[in-house]
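Shown next, in structure tokens, is the structure this report addresses.
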Amino acid sequence: YIFLDGNKLSLTSINAIRNTILKKYKSGIPFADLANQYTMDHSKDGDLDWFAEGMMIKQFETSVKNHKLNDIFTIDLEKEKWYYVTLKTFDDKEVEELTILKIRSNPQNEK
């Protein structure tokens, strides 16, 4: 992702930057290069890595889930004034969580 901070830039500026990013990406500039040039946070290469459900703001998660692998799209979290250009680089994956319990026998307390 590329983060643009609405607390520091106007929405007009953000949209102009996002249009520039999308044009450059479509012309062949790698997303990681664009992320390093434009992002307003410290995300190296724009790599968010895997995230589990509930780790992100719901609107962000839903937007990512609604796109396919290799889609490039924008996300607006207006309440927080956070604006993104996002490239989906992984397919969604269902992850099951298992809890394993080990039962120990304590001969001193056995009846």
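Odds and ends about this structure:
- Close amide H partners of residue 43, meaning residues 5 or more places away or on another chain with modelled amide H under 5 Å apart, do not exist here.
- Built amide H within the under 5 Å cut-off of residue 82, gap 5+: 6, 77
- Per-residue Karplus couplings for the stretch 70-79, computed as 6.51 cos²θ - 1.76 cosθ + 1.60 with θ equal to phi - 60°, are listed in order as 6, 6, 10, 7, 10, 10, 10, 10, 4, 4 Hz, Gly and Pro entered as x.
- Protein accessible area in the stretch 1-50, 1.4 Å probe - carbon and sulfur %: 52 percent
- Rg and Dmax of the stretch 1-89, Cα atoms only, in Å: 12.4, 34
- Heavy atoms of residue 87: accessible area, 1.4 Å probe, square angstrom to 10: 30 Å²
- Lysines whose Cα lies under 30 Å from that of residue 68, excluding same-chain neighbours fewer than 8 positions away: 23, 24, 26, 44, 58, 79, 81, 88, 93
The values are calculated or read from the model by the stated rules, or taken from the named source; none is laboratory data. Note that the coordinates shown come from a computational prediction; the quantities given were computed from them, not determined experimentally. In case anyone asks, the SASA skips ligands and DNA or RNA and just uses the protein heavy atoms, side chains included. Shrake-Rupley method; radii C 1.70, N 1.55, O 1.52, S 1.80 Å.
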